[in-house]
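Have a look at the structure below before the remarks.
The values are calculated or read from the model by the stated rules, or taken from the named source; none is laboratory data. Treat the numbers as computed from the prediction; the structure is a model and nothing was measured. Virtual Cβ from ideal backbone geometry, glycine too; neighbours counted across all protein chains shown. Quick note on the areas: whole protein, heavy atoms, side chains included, nothing else; ligands and nucleic acids left out. Shrake-Rupley method; radii C 1.70, N 1.55, O 1.52, S 1.80 Å.
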Amino acid sequence: MNNRGNTGTIVRFLKTVHEFYPVMLPAVVICIVLSAVVGAIPAVFMQNIIAVVEENWQTGEWSEIGSRILGMVGILVVFYLLSLAASLAFNQMMAFITQGTLMKLREKMFGKMQYLPIKYFDTNNHGDIMSHYTNDIDTLRQMLSQSFPQLLISAITVMTVFFIMIYYCVWLTLVIVLGTVLMFFITRTVGGKSAKFFLRQQEAVGKVEGFIEEIMTGQKVVKVFCHERESEADFDRLNDALFHESEHANRYANILGPILNNIGNVLYVVVALAGGILLYAKVPNLSLSGLPLGISIVVPFLNMTKQFVGNINQVSSQVNAVVMGLAGTQRIFDLMDEEAETDEGYVTLVNAKEENGVLTETPERTGMWAWKHPHQADGTVTYTKLNGDVRMFDVDFEYVPGKTILHNVTLYAKPGQKVAFVGATGAGKTTITNLINRFYDIADGKIRYDGININKIKKSDLRRSMGIVLQDTNLFTGTVMENIRYGKLDATDEECMAAAKLAGADDFITRLPDGYQTQLSGSGSNLSQGQRQLLSIARAAVADPPVMILDEATSSIDTRTEAIVQRGMDALMEGRTVFVIAHRLSTVKNSNVIIVLDHGRIIEKGDHEDLIRQKGQYYQLYTGAFELE
C-alpha cells in the first residue's frame, strides 16, 4: 500500500468505527486528550519550582519556599488524579469499542460473503478467505486497541510539550526541531519500506492458512498416496515465502527503534551543550514567557527533551503494528468491497390458490405455488402456476471471456420429465445446471422457466423452487434432524422423517446412537460417504420442489443402496422436472430424454432406445460400461 492508500484506509476505518460508536468514540478521544495534556504539565511545574528556589535562595526564606512548593505539588497531584481517571475511562471504553468493532466487522464480512457470487468462492482459496476472520481481524485488534490510542497520546504530548518549549525558549526549541526533522525522515523512509512487505506478509499468511486447510481436508488422500513428504515440501515452500516477507518487513521495523533511541540520546546531549553555551555567552532569551535564560529554563528543557523524544519514539515504535494493521484492514475492506451477486429479478414466488381456473395470491400455505409477474409496461400483475417447465434456447456460456464452454445449447424439459446429461468429464454437464439455478449467468441465448425469462425471476425465489443434490455432500454441525430440515426450515419432524424414508435414509438413521437427534460434526465425518449422500437427498426431498437437480447424486452409494435410493428417487421424481448428471448409465436408462455432451456441444439427444439404435457415442459408452461390468 502506498501512503495515499494508507491514508484512505485510515480515514475509512475511523469513519466505520465512528458509525458503530458515534458517542463513545468522541468521549474516548476527549479522555485521551485530557490524559496526554495533563501528562505534559509537570515540565511547567518543574520550571516554576526551580524558579522559586532560585529566586529565594539568597534570602533564605525556606518557609516561604516550602509553602509555595507544597502548593504547586498539591495542584500537580490533582492533575495526576485527573489524568489517572481519564486514562482508566478511555482504557475501559476502548476495550468495549475494540471488541464491538471487531464483532460488527465480522458480522458485516459474513453478511457480505453470503451475497457474493459462486464465482468468488470458485476463484479464491477458502483458507485465504478464512484468514480475513482470523489473522486480519487480529492485526486490526492490535492496531485499534493499542496503536491508535498510543499514537494519539504521543502526538498530543509532543504538540503540548512543543508549545511549552516555544513558550520558554525558542533557541533550544530550534535545536530539538532539527533533530525531530531527522527522526521524521528516517521514520518515513524505513516505515515506508516495511509497509509493502507487511502487506505481502498478510497475503502470504493467507496462502499458508489456505494450504493447511486444504491438507487437513484431504488428509486421507495424502496418506493413501503416501504424499506426506511432498505435502511437507509444498508447505515448506509457502512457509519460507512467509518467512522472507516477514523477515523483510520486521528488519526495517526493528532497526527503527535503535536508530531513533540513539538520535534521541545525542539530541539530549546537544540540547545540554546548547543550553550551556547560551548561558555562558549570556545570549538574550527569545521566548513568549519573557523570562531570562537561566538554570530554571535549561534544566526543565532537558526533561522536556527526553519527554519529547520519548513520545516520538513511541510513535515510531507503533509504525510496525499500524502498518500491519492497515494491511489487514485493507484486506478486510477488499472483501467487503467485492461486488455482490446482482439480482435484477422482479418475478417472485407466492402461495396461490385456484378458483374457476383463475390463480390468486394467498398468505396461507396451500401447497400450490405461482409466479407473481408484475408487467412494467402496463402495470398489470399476472400469476403463472409453478410447473417446472425449463427450456434453454441457443445458450452460450464462458467462465473466462473468450473461452466458450457451452456452444448453442438448446433443450426442453417439460413438467414431470426426467432429463439426463451424460458425457466425459468437462463436457459441460454441471455447467448447464449451474446456469439453470443462476449460479452463473449465460453469455448469450435465453433460458425460460414456466415461460418466464429466468433473468426476470428473483434468484432467491428461483432457487427456492429447485432441489439440488450435489456430488460433494456438505453437512453442517448439528443433529441429523436439523441437517434434513435445512432444506425447509419450517418442516415438521414428521415431514423430515418422511423425506428420510423417501430417500432411503431412515433405516440407517434409526440405527444411529441417538437416531434423528444424533449430533454430526466435521461435515458428518462420523458417517459413511453413502450415508452422507442419503442425508443430502433427504434434505432436498423435504423441500418438495417441482424441479430437482441431481449432480452425481448416487455416485458415492454402493449398488445395493443405489437400488433402495433409486426407488425413493423414482417416487420423488414423480410429477417433477428432474435433471440428472450421472456416470453410471444404468441410473439414466429410464430418463425421458438423454442428452450426450461433448466439449460443450449437444451431439446426441433422445431416450435410451433411440440412442442405442443410433449406435453413436452413447451406444459406445453404454456397451463399454456393460463390458466393464
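As a quick test, which of the pairs Lys112/Lys456; Lys418/Lys459; Lys385/Lys458 have an alpha carbon distance above 19 angstrom in this structure?
Details: Lys112/Lys456 23 Å; Lys418/Lys459 23 Å; Lys385/Lys458 16 Å.
Cα-Cα > 19 Å for Lys112/Lys456; Lys418/Lys459; rest within.
Can you tell me the length gained on complete extension of the stretch Leu279 to Asn453, counting 0.36 nm per residue apart and subtracting the Cα distance?
Stretched fully, the Leu279-Asn453 segment lengthens by 53.6 nm.
For Asp493 and Asp607, FRET efficiency with R0 = 41 Å and r from the beta-carbon atoms, rounded to 0.05?
Once the sixth-power term is evaluated, E becomes 0.55.
In the P(r) worked out for the chain, what percent of Cα pairs fall beyond 50 Å?
38 percent
Check which residues have an amide H placed less than 5 Å from Ile594's amide H, if you skip close sequence neighbours.
Excluding prolines and chain starts, which carry no amide H, the hits are Ala420, Gly606, Asp607.
Could you tell me the distance between the Cα centroids of region 18-43 and region 231-289, to the nearest Å?
When both Cα centres are located, 27 Å separates them.
Per residue, how many Å² of accessible area does the chain show with a 1.4 Å probe?
51 Å²
Could you check the simple spin-label distance between Phe235 and Leu81, using points 7 Å along Cα→Cβ, in nm with one decimal?
Taking the two extended label points, one gets 5.9 nm.
Starting from region 459-554, pick out the trypsin sites (Lys or Arg not before Pro) whose DSSP state is loop and whose Cβ has at most 13 other Cβ atoms within 10 Å.
Qualifying residues, ordered by number: Arg511.
Mind jotting down a quarter of the surface of the convex hull over the alpha carbons of region 344-399, in square nanometres, one decimal?
6.2 nm²
Probe radius 1.4 Å, ligands and nucleic acids ignored: give me the carbon and sulfur share of the accessible area of the chain as a rounded percent.
Of the solvent-accessible surface of the chain, carbon and sulfur hold 58 percent.
Rounding to the nearest 10 and keeping the result within 0 to 90°, find how far the Cα-based axis of helix 3-20 lies from the longest principal axis of the chain.
Orientation of helix 3-20: about 80 degrees from the principal axis.
Mind checking which lysines have their C-alpha under 26 Å from Lys306, skipping anything on the same chain fewer than 8 residues away?
Counting by Cα, and skipping residues close in sequence, Lys306 has these lysines nearby: Lys282.
Place a +1 charge on the Cβ of each Lys and Arg in the chain and a -1 charge on the Cβ of each Asp and Glu, then give the dipole magnitude about the Cα centre in debye, rounded to the nearest 20.
Dipole of the chain, to the nearest 20 debye: 1100 debye.
Setting aside same-chain residues fewer than 8 positions from Lys615, which lysines have a Cα under 19 Å from its Cα?
Lys589, Lys605
Expected output is a single nm value to one decimal: the length gained when fully extending between Ser528 and Asp122, i.e. 0.36 nm times separation in residues minus the C-alpha distance. What is it? All intermediate terms of the calculation are to be shown ahead of the outcome.
Working: separation 406, 0.36 × 406 = 146.16 nm, distance 2.62 nm.
That works out to 143.5 nm of additional length.
Working from Cα positions, state the angle (0 to 90°, nearest 10) between the long axis of helix 148-168 and the longest principal axis of the chain.
Tilt of helix 148-168: around 20 degrees.
Using the structure shown, list the pairs from Lys108/Lys488; Lys108/Lys353; Lys353/Lys429; Lys15/Lys207 with a Cα-Cα distance above 28 Å, or answer none.
Violating the 28 Å Cα-Cα cut-off are Lys108/Lys353; Lys353/Lys429; Lys15/Lys207.
Enter the angle in degrees (range 0 to 90, nearest 10) between the Cα long axis of helix 24-40 and the first principal axis of the Cα atoms of the chain, meaning the one along which they spread out most.
Around 20 degrees separate the two axes.
Go ahead and run the numbers for FRET between Asn474 and Gln146, Cβ-Cβ distance against an R0 of 35 Å, rounding to 0.05.
0.35
Evaluate the relative contact order of the chain (contact order divided by residue number), counting alpha-carbon pairs under 8 angstrom at least 6 apart; express in whole percent. Please report the intermediate quantities before stating the final value.
Numbers: 905 pairs, mean separation 80.5, N = 629.
Across the chain, relative contact order equals 13 percent.
I'd like to compare 20-32, 143-155: which one has the highest average count of other Cβ atoms within 10 Å, and what's the full order after that?
Listed from highest to lowest mean packing, they are 143-155, 20-32.
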